[in-house]
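Below you'll find the structure, written out as structure tokens, and then a few comments.
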Amino acid sequence: MRGQSNFGAPVSGVSRRDVLKFGGAAALSFAAVPLLAGCSSGGSSGGSSGPGSITFGSNYSDPAPKSAFGDLTKAATKSTGVKIDVNTVDHNTFQNNITSYLQGTPNDLFTWFAGYRMQVFADQGLIEPIDDVWDKIGKNFPDSAKALSKGTDGHYYIVPIYNYPWVVFYNKSTFQEKGYEIPTTWDQMITLCKKMQSDGLIPFAFGQQDGWPALGTFDIINLRLNGFEYHMKLMQHKVPWTDSKVTDVFNKWAELMPYVQPGATGRIWQDAVKTLEAKKAGMMFQGTNQVAAQYVTDNADLDDLDFFVYPEIDPTWGQDYMDAPADGFCLAKKAKNVDPAKKVLEYIGTGQAEAAYLKNDKWDVALANDADVPSYNAIQKKSVEVIKACKNVAQFLDRDSDPGFADNTVAAAVDKFINSPTPATIKSIQSSLEAQAKTVFTAQH
Amino acid sequence: MTETEKQAALGPDAASAAPTPRRRRRALRLTKRDRVLLIVLLGIPLLADLAFVWFPAVTSVVLSFTSWNGVGAIQPWVGTQEYKFAFTVDPQFWPAVLHNIIWVLVFGLIATPLGMLFAVILDRNLKGSRIYQSVFFLPVMLSLALIGIIWELMYSQNYGLINTLLGRTGSDAINWIGNPDLNLWAVLVAASWRQVGYVMILYLAGLKGVDASLREAAQIDGANPWQTFWRVIFPVLKPINIVIIVITVIESLRAYDIIYIMSHGTVLPGLELLSMLVTQYIIGQTTRIGYGSALATVLLVIALVPIIIFLVQSFRKDEKA
């Protein structure tokens, strides 16, 4: 502080102008937001690359997937001779800006998700169909993977690289020590939760601050109670959200809520995993791509980690379905180097390439039939088995439905439910979801 | 007279002469060069104002009557449908309005008076007054985003300072940011921490500018310190009071960054704010530019009210002078 003179400045003139500036800035900041969407935040690296080189927009921003992705692109360059310039963007930022990114100056190839979440953008003409690539790589993939990679128009738009199952994780040592058994039915699971609680454990670690993890619990209970077809119909709003079968899902979930880590809406899932690592929690339901990956990141004991498939609720469906989201790569409509980019995609669609990616990835599994991955650990081997055992796999609530609707609207409703799992809340969020779904799904489709 | 001297002389003169009737006579006497200079000096800021303030503002109002999803041509036109959706369907809209109002009230009834109180106390030339000033002013020099990070660490459920001090680190740890009944207040404490210092510094500047003879005169007339402040000093500080009211309202309405940091960019239950909803719909995977613009327009209208009041007030004063 330089002293008095700072504060003795002529009052009225300066401050009024300041205020006007503030007013202007405030008005500008409110008003300018819509325009923000018009500016691409994507990479500036596109453009000047010559023949035989492409740019690749990547949302693999966490250290472990980033290095695995680096290995993949290196292997691709080695095999195809195409130089690849990777542009890595934080994954939340990447996803949130995807619309303006794809309309601006996108990289040639970009990382994305299979299912409806890809189809929305394909329908809007932002992704280039790659049927000719699939002519060459089709034989490598099972029919389920092919179905995931098609748009609503029947053309192929994505080459998947891996997928991973959503399952219930636990520490082997905890189960051994306390003599717990793997539950295969809902009642057994509730009994186990009660036992864990009396042993001073949090039965289910849970973090929902990011808005999406709890959607997985909704999905699995819905799949167990109402089956795969119903899930897909609900996601596309062909069944109203006020349907009594949706009420059943929330009611079932409410039975579980007393055993779930409280305050989930203020906890990121990474912190929930840490509760499991510290053996303060008995179980956690999430994808291997999160739980197992976090164990690796935190240098926790990955060998102690194990999982089981979500227990059966209705014998009609047994354990036939689960969420097993697939990630992959798309070609942007505005790509500048189409031919070399397709060459790279052809390479990525081989078992050899998936194996190269998975060399340093200890949680995802390959989709290609011919992928031979000697580096699989116990979690990955089991993942392959449980996915194969499913009659059908769903992608995820925000991949099977309109992603904006899922991540804003359904997530907010689920947050409300988590904070107050009562019949009154369930009723109010169902009618609110239905009212909002009507607007969203008629406006766009 | 050199060019720069002329420019310097012209600048403040032209500005202060604006509203008075003498202006016309003087304008006639301006040389051609002066007139060109005036046009350039006024034209550039005017263009910037139109391009960066009015164009986006009008555009978002126009967009609010569409349900454009951000891809391709701007369509379809849906009239006031998006507004109806906000007012009747969106479950996050009214909580957001309520939270914005709570924010204004907390700033207006707690943070601002507290800042004024600090200013009045520090104005009495206490020992170490400058140290106190620096301490209270320090948060103002930090960006709200940084304040968000600092307080997020303090509020962290499992590792935070506050829960550690309260001794609640086990399963009874308080979830400050996740609990929808607590989190708005937790954030308001953090935001007020900064606002108090901000108001204090503005008010202190005002107090320093008060003519000391006023205070003396009041004392000679036998007024006690309380009366001196409320009857003499406070009315003299009218311009600064208006500034503070406007700042309080505007700071409350543009509250965004601190919440964005603390909630990691998602709209958490209990922390819905209009500004958060606007970005949620406009910056997202499948954008609803139309709906986001409607929300932005609502916010713009609310923000215009205090600005208009302020402008009317200050122009009226200029006319009298």
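The values are calculated or read from the model by the stated rules, or taken from the named source; none is laboratory data. Keep in mind it's a predicted model, so treat the numbers as computed, not measured. When we count neighbours, we look across all protein chains shown, and the Cβ atoms used for this are built from the backbone with ideal geometry, even at glycine. These accessible areas exclude ligands, DNA and RNA; they are computed on the full protein's heavy atoms, side chains included. Shrake-Rupley method; radii C 1.70, N 1.55, O 1.52, S 1.80 Å.
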>> Can you report the number of residues in the stretch B:156-178 which are closer than 22 Å to B:Thr266 by Cβ and among the small types (Gly, Ala, Ser)?
In response: 4
>> Based on this model, can you work out whether A:Thr275 counts as open to solvent by 10 Å² or more (accessible area, probe 1.4 Å), of a type in the set (S, T, N, Q) and in a helix (DSSP H, G or I)?
In response: yes
> Within the stretch A:373-422, which helices (runs of 4 or more DSSP H) (wholly inside it) include 2 or more residues that are in contact with an Asp or Glu (Cβ under 7 Å, 6 or more places away or on another chain)?
Replying inline: A:397-400
>> For a quick check of your reading of the model, give me the residue pairs whose first member lies in the stretch A:374-393 and is outside the structural domain of A:Asp301 (by the TED database), whose second is of a type in the set (D, E, K, R) and open to solvent by 80 Å² or more (accessible area, probe 1.4 Å), with beta-carbon atoms closer than 6 Å and at least 6 apart or on different chains.
In response: A:Ser375/A:Lys359; A:Asn377/A:Lys362
>> Among (1) out of contact with any Leu (no Cβ under 7 Å at 6 or more places or on another chain); (2) at pLDDT below 90, there is one condition A:Phe307 misses while meeting the rest; what is its number?
In response: (2)
> What number goes with the only condition from (1) farther than 28 Å from A:Asp415 by Cβ; (2) surrounded by fewer than 18 Cβ atoms within 10 Å (Cβ to Cβ) that B:Thr66 does not pass?
Replying inline: (2)
> Conditions: (1) in contact with a Gly (Cβ under 6 Å, 6 or more places away or on another chain); (2) of a type outside the set (Asp, Glu); (3) open to solvent by less than 10 Å² (accessible area, probe 1.4 Å); (4) over 30 Å from A:Gln209 (Cα atoms). B:Phe136 meets all but one. Number of the miss?
Replying inline: (3)
> Within the stretch B:255-277, is even one residue small (Gly, Ala, Ser), within 18 Å of the chain's Cα centre (by Cα) and within 12 Å of chain A (Cβ to nearest Cβ)?
Replying inline: yes
> Out of all the residues in the stretch A:394-437, which are modelled with pLDDT under 90 and open to solvent by 20 Å² or more (accessible area, probe 1.4 Å)?
Replying inline: A:Asp407, A:Asn408
>> I need the helices (runs of 4 or more DSSP H) fully contained in the stretch B:91-143, keeping only those with at least 1 residues that are under 30 Å from A:Glu434 (Cβ atoms) and within 14 Å of chain A (Cβ to nearest Cβ).
In response: B:93-106
>> I want to confirm something. Restricting to the stretch B:288-321 and keeping residues that are hydroxyl-bearing (Ser, Thr, Tyr) and open to solvent by 10 Å² or more (accessible area, probe 1.4 Å), which single residue is nearest to B:Ile102 (Cα to Cα)?
In response: B:Thr297
> Does B:Ser213 satisfy being polar (S, T, N, Q) and open to solvent by less than 50 Å² (accessible area, probe 1.4 Å)?
Replying inline: no
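Here is a yes/no grid of residues against (1) free of Cβ contacts under 8 Å to residues at least 12 places away in the same chain; (2) open to solvent by 10 Å² or more (accessible area, probe 1.4 Å); (3) within 29 Å of A:Val440 (Cβ to Cβ):
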{"position": "A:Leu201", "(1), (2), (3)": "no, yes, no"}
{"position": "A:Phe228", "(1), (2), (3)": "no, yes, yes"}
{"position": "A:Met235", "(1), (2), (3)": "no, no, yes"}
{"position": "A:Thr247", "(1), (2), (3)": "no, yes, yes"}
{"position": "A:Asn251", "(1), (2), (3)": "no, yes, yes"}
{"position": "A:Pro262", "(1), (2), (3)": "yes, yes, no"}
{"position": "A:Gln286", "(1), (2), (3)": "no, no, yes"}
{"position": "A:Asn289", "(1), (2), (3)": "no, yes, yes"}
> So which of B:Pro235, B:Pro180, B:Pro239 is open to solvent by 40 Å² or more (accessible area, probe 1.4 Å), within 12 Å of chain A (Cβ to nearest Cβ), assigned to a helix (DSSP H, G or I) and out of contact with any Cys (no Cβ under 8 Å at 6 or more places or on another chain)?
Replying inline: B:Pro239
> Does B:Ala223 meet the test of being more than 10 Å from chain A (Cβ to nearest Cβ), without any contact (Cβ under 8 Å) to a residue 40 or more places away in the chain and not in a helix (DSSP H, G or I)?
Replying inline: yes
> Can you pull out the residues in the stretch B:238-274 that are touching a residue at least 60 places away in the same chain (Cβ under 8 Å) and among the small types (Gly, Ala, Ser)?
Replying inline: B:Ser252, B:Ala255, B:Ser263, B:Gly270
>> As an exercise: evaluate A:Gly207 against (1) part of a loop (DSSP other than H, G, I, E, B); (2) open to solvent by 10 Å² or more (accessible area, probe 1.4 Å) and give the number of the one condition it does not meet.
In response: (2)
